[in-house]
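Shown next, in structure tokens, is the structure this report addresses.
Quick note: the coordinates plus some simple rules give every number you see, no bench work behind them. This one's a predicted model, so the numbers in the text were calculated from it and none came from an experiment. FYI the Cβ positions are ideal-geometry reconstructions off the backbone, even for glycines, and counts take in every protein chain you see.
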Amino acid sequence: MADDRQFPARPIVGVGAIVVDDGRVLLVRRGRAPLQGEWSVPGGAVEVGEALSAAVQREVLEETGLIVSVGPIVEVLDRIHTNGDGRVEYHYVLIDYLCAVVGGDVRAGSDVLDAVWATPQRLAEYEVPRVTAAVIEKAVHLAENATS
């Protein structure tokens, strides 16, 4: 079943949370397209009237049960997925933020199949896409420099 995000008329703004805690990063296994079954970072589409930081906090809470504080932007990038005919099936402009845990317990919530903590050295085990791994590494570096 198609939704309003599939074959959009224009790009959709989305947010991602690079949640770093004690050198580990929070990963979620996506439960729906376009990355269904793949490991990534928590996040999703910004709702109309919603501030970016509020969208980050909402998505993390819904997907993982964690309450986070939202820090600086780590990266802005686009994710364009085409179908077999070359049509743009999904087009997101993503804004990824460095986040820190302030409460809650990790659990798989809406739109995700699983949620885990992983060290940057273990990202390959989860087959995290190269672009996502690069953003995670940048965020971990920012987090380390913020505490030193």
Margin query: Quick check: the angle from helix 130-147's long axis to the longest principal axis of the chain, C-alpha only, nearest 10 degrees?
Written below: 30 degrees
Notebook entry, point to check: Hey, how many Å between the Cα centroid of the range 71-143 and the Cα centroid of the range 3-18?
Noted result: 14 Å
Margin query: Given the -39500 (n - 2.57) contribution per DSSP H run of 4+ residues, what per-residue ellipticity at 222 nm results for the chain, rounded to the nearest 500 deg cm²/dmol?
Written below: -7000 deg cm²/dmol
Check: Which of VAL131, VAL74, ALA55 sits farthest toward the positive end of the charge dipole of the chain, with +1 on the Cβ of Lys and Arg and -1 on the Cβ of Asp and Glu?
Finding: VAL131
Next item on the list: Excluding LEU94 itself, calculate the net charge of residues whose Cβ lies under 12 Å from the Cβ of LEU94, where each Lys or Arg counts +1 and each Asp or Glu counts -1.
Entry: -3
Next item on the list: Would you work out the charge dipole size for the chain about its Cα centre, treating the Cβ of every Lys and Arg as +1 and the Cβ of every Asp and Glu as -1, and quote it to the nearest 20 debye?
Entry: 160 debye
Check: Pairing the Cα long axis of helix 52-64 with the longest principal axis of the chain, what angle in degrees results, from 0 to 90 and rounded to the nearest 10?
Finding: 80 degrees
Item checked: Whole-Hz couplings from phi, Karplus 6.51/-1.76/1.60, listed for the range 113-129; x for Gly and Pro -> 8, 7, 9, 9, 9, 9, 7, x, 5, 9, 4, 4, 4, 9, 6, 5, x
Note to self: Please list, ordered by chain and number, the residues whose modelled amide H lies under 5 Å from the amide H of VAL13; skip anything fewer than 5 residues away on the same chain.
What the structure shows: VAL46, VAL93
Item checked: Along each principal axis, Cα extent of the range 1-115, largest first, Å -> 44, 26, 24
Next item on the list: Taking the Cα atoms of the range 43-93, report the difference between the largest and smallest coordinate on each principal axis, in whole Å and largest first.
Entry: 41, 21, 21
Margin query: Suppose a student asked you for the relative contact order of the chain, using Cα pairs under 8 Å spaced at least 6 residues apart; what percent would you report?
Written below: 32 percent
Checklist line | Estimated FRET transfer efficiency (ALA51, ASP85; beta-carbon r; R0 35 Å; 0.05) | finding: 0.45
Note to self: Give me the percent relative contact order of the range 67-148, please, defined on Cα pairs under 8 angstrom at least 6 residues apart.
What the structure shows: 27 percent
Item checked: Distant-in-sequence amide H partners of LEU113 (H built 1.01 Å from N, under 5 Å) -> ARG29, ARG30, GLY31
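Over the range 1-64, what is the relative contact order in percent, taking alpha-carbon pairs closer than 8 angstrom and at least six residues apart?
Relative contact order comes out at 30 percent.
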